[in-house]
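The values are calculated or read from the model by the stated rules, or taken from the named source; none is laboratory data. Predicted model only: the values in this text are computed from it and were never measured. Neighbour counts run over all protein chains shown; Cβ positions are idealised from the backbone, glycine included.
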Amino acid sequence: MQNKLDRSFIGKKYNPLIFKVTEERIKLFSKATGQTDPLYYDTDFAKRKGHPSLLAPPTFLTTVAYEQEDPYKYVRDLNIDMGKFLHANQEYSYFLSVYAGDTITMHQEIGDIFDKKDGQLQFIVFKSTYYNQNEKIVAKAKSTLVVI
Amino acid sequence: MLWNYKTSKVGDEIPSLKIDPLNLSDLILYAKASGDHNQIHTDLDFAKKSGLPNVIAHGMLVMSFLGRMLTNAVPHSNIVNFSVQFSNMTYLDQALQCSGKVIERSCVDDKEVISVKLIVKDMVGQKKLIGQSSINIDI
């Protein structure tokens, strides 16, 4: 079983990540998720519908956190074995749409670490806020991982 | 479209979405598109070493199917929030059924909002994800 996670990581802030949203990346994401709505893969169509450019699908922001050399650094920080954690929960609150051409900055911190079932299941909560190039919040997210 | 979110009532089912069985190349493509290269999704040996019988689909890939169902039914920018709880793992070769139901219609700060309960199940009825979304009604 996993050792007890170090609670002193609660509140740890990670360096902001900057992500340039490109048409190519949205198209690839749309293809991989089987999008059938051309708003998410046909720029001309999106523009005809009144959008400035290609629209990013609702879960697209998940890509931002992986846009770094070592996206699983926190796994080692917390002494978790790769392969021994699962995604338990994901929440998004949306404020503005994300489009190709946007530059998104993600601020992320460990919001909580807690356990259930007498410590058999341990949870890590990440809180993220995503800003666009106009310093407006586009979305907030809460991701909970469970260590098994 | 038969169902219209603007006139929807509590109890309405939103148009469902069926997902074909996932294969390994689907997961490899999603790993590339999302940047999530955790090998439990793409490498059978690694998945087995981690105590799993097979590779499992990225939870966020399954969530994206629910997102597709939502944006097929309501305008993207009307979605206020979208959350899921991952209840069971999705393995290769499992077809999925996404569905949703309006559970509340209310007024928040002079804006009408519907709340939708979301579910992804496999073909034997095992729940993979349960979720919720609030959607603004602009009249």
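Worth pointing out:
- Filter result (part of a strand (DSSP E or B) and either touching a residue at least 12 places away in the same chain (Cβ under 8 Å) or among the basic types (K, R) (or both)) within the range A:101-114: A:T103, A:I104, A:T105, A:M106, A:H107, A:Q108, A:E109, A:I110, A:G111, A:D112, A:I113
- In the range B:72-120, the residues that are within 29 Å of A:L86 (Cα to Cα), part of a loop (DSSP other than H, G, I, E, B) and either hydroxyl-bearing (S, T, Y) or in contact (Cβ under 8 Å) with a residue 40 or more places away in the chain (or both): B:S87, B:N88, B:T90, B:L92, B:D93, B:Q94, B:A95
- Of note, A:L28 does not satisfy the criterion of being buried (at least 20 other Cβ atoms within 10 Å of the Cβ), within 13 Å of chain B (Cβ to nearest Cβ), modelled with pLDDT of 95 or more and in a helix (DSSP H, G or I).
- Within the range A:58-81, the set of residues being loosely packed, with under 15 Cβ neighbours inside 10 Å and facing chain B (nearest Cβ under 9 Å) comprises A:D81 only.
Yes/no per residue for (1) small (G, A, S); (2) outside any strand (DSSP E or B); (3) out of contact with any His (no Cβ under 6 Å at 6 or more places or on another chain):
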| residue | (1), (2), (3) |
| --- | --- |
| A:I80 | no, yes, yes |
| A:G83 | yes, yes, yes |
| A:N89 | no, no, yes |
| A:S93 | yes, no, yes |
| A:S97 | yes, yes, yes |
| A:G119 | yes, yes, yes |
| A:E135 | no, yes, yes |
| A:K140 | no, no, yes |
| A:V146 | no, no, yes |
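- Put simply, of B:S25, B:S34 the only residue that is on the phi < 0 side of the Ramachandran plot, among the hydroxyl-bearing types (S, T, Y) and crowded, with 16+ Cβ neighbours inside 10 Å is B:S34.
- Residue within the range A:94-114 that is out of contact with any Asp or Glu (no Cβ under 6 Å at 6 or more places or on another chain), surrounded by fewer than 18 Cβ atoms within 10 Å (Cβ to Cβ) and of a type in the set (A, V, I, L, M) present: yes
- Check on B:F46, touching a residue at least 40 places away in the same chain (Cβ under 8 Å), of a type in the set (A, V, I, L, M, F, W, C), within 12 Å of another protein chain (Cβ to nearest Cβ) and over 22 Å from A:D37 (Cα atoms): no
- Taking the listed residues A:Y72, A:Y66, A:Y40, A:Y14, the one that is more than 17 Å from B:V62 (Cα to Cα) and modelled with pLDDT of 95 or more is A:Y40, with no other qualifying.
- Count of the range B:92-122 residues, restricted to those that are at pLDDT below 95 and within 21 Å of B:L27 (Cβ to Cβ), is 3.
For (1) at the interface with chain B (Cβ under 9 Å from one of its Cβ atoms); (2) without any contact (Cβ under 8 Å) to a residue 12 or more places away in the chain, each residue gets a yes or a no:
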residue	(1), (2)
A:G83	yes, yes
A:S93	yes, no
A:Y99	no, no
A:K116	no, yes
A:K142	yes, no
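- Out of B:I79, B:I119, B:I19, one residue alone is within 12 Å of the chain's Cα centre (by Cα), facing chain A (nearest Cβ under 9 Å) and crowded, with 18+ Cβ neighbours inside 10 Å. It is B:I19.
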